[in-house]
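Here is the structure we will look at.
Since every read-out is calculated from the coordinates, none of them should be taken as a lab result. The structure presented is a predicted model; accordingly, all values stated were derived computationally and were not measured. Don't worry about glycine lacking a Cβ; one is built from the backbone with ideal geometry, like all the others, and counts go over all protein chains shown.
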Amino acid sequence: MHIQLLKSKIHRVKITQAELHYVGSITIDEDLMDAAGLIENEKVQIVNINNGERLETYVIKGERGSGQVCLNGPAARKAQVGDIVIIISYCSMEVSEAKTYQPVVVFPDEYNRL
């Protein structure tokens, strides 16, 4: 049997941009993606600390070192620039493996840098 558990999260990162008229997704600085073990097109959950909104979308690579975190498409309605969010990824694994698995947690600074 497989269970779902936390794979990684980027804890308390700031939204830098919201682009309503875009195909969809969240654009994340590639440095943050690498640190959290996220890959392009991976499904993530976004939890907005400021307003309590939760949504699921997929990741697009942002410019490395830019600090960019941009909600695109309809998701842009769920946050304002400056809102603090948590970006969460999950994985599926056997219970025996899950008991010893340690998720990756990234704590960026106020400029979304490592």
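Sorted from fewest to most neighbouring beta carbons within 10 Å, what does the list H21, H11 look like?
Ranking H21, H11 by Cβ neighbours within 10 Å, fewest first, gives H21, H11.
What FRET efficiency do you get for D109 and N41 if R0 is 41 Å and r is their Cβ-Cβ distance, rounded to the nearest 0.05?
0.95
In deg cm²/dmol, rounded to 500, what helix-only [θ] at 222 nm does the chain give when every DSSP H run of at least 4 residues adds -39500 (n - 2.57) and the total is split over its residues?
Calculated mean residue ellipticity at 222 nm is -2000 deg cm²/dmol.
Test of the criteria: in region 65-102, which trypsin sites (Lys or Arg not before Pro) are in a DSSP loop and have at most 16 other Cβ atoms within 10 angstrom of their Cβ?
Listed in order of number, the matching sites are K99.
Fewest to most neighbouring Cβ within 10 Å: what's the order for T27, T100, T16?
Ranked by crowding around the Cβ, least crowded first: T100, T16, T27.
Provide S96, S25 in ascending order of the number of other Cβ atoms located within 10 Å of each residue's Cβ, fewest first. Show your work: numbers first, answer last.
Numbers: S96 8, S25 19.
By the 10 Å Cβ count, ascending: S96, S25.
Average projected area of the Cα convex hull of region 2-95, in nm²?
Orientation-averaged projected area of the Cα hull: 5.8 nm².
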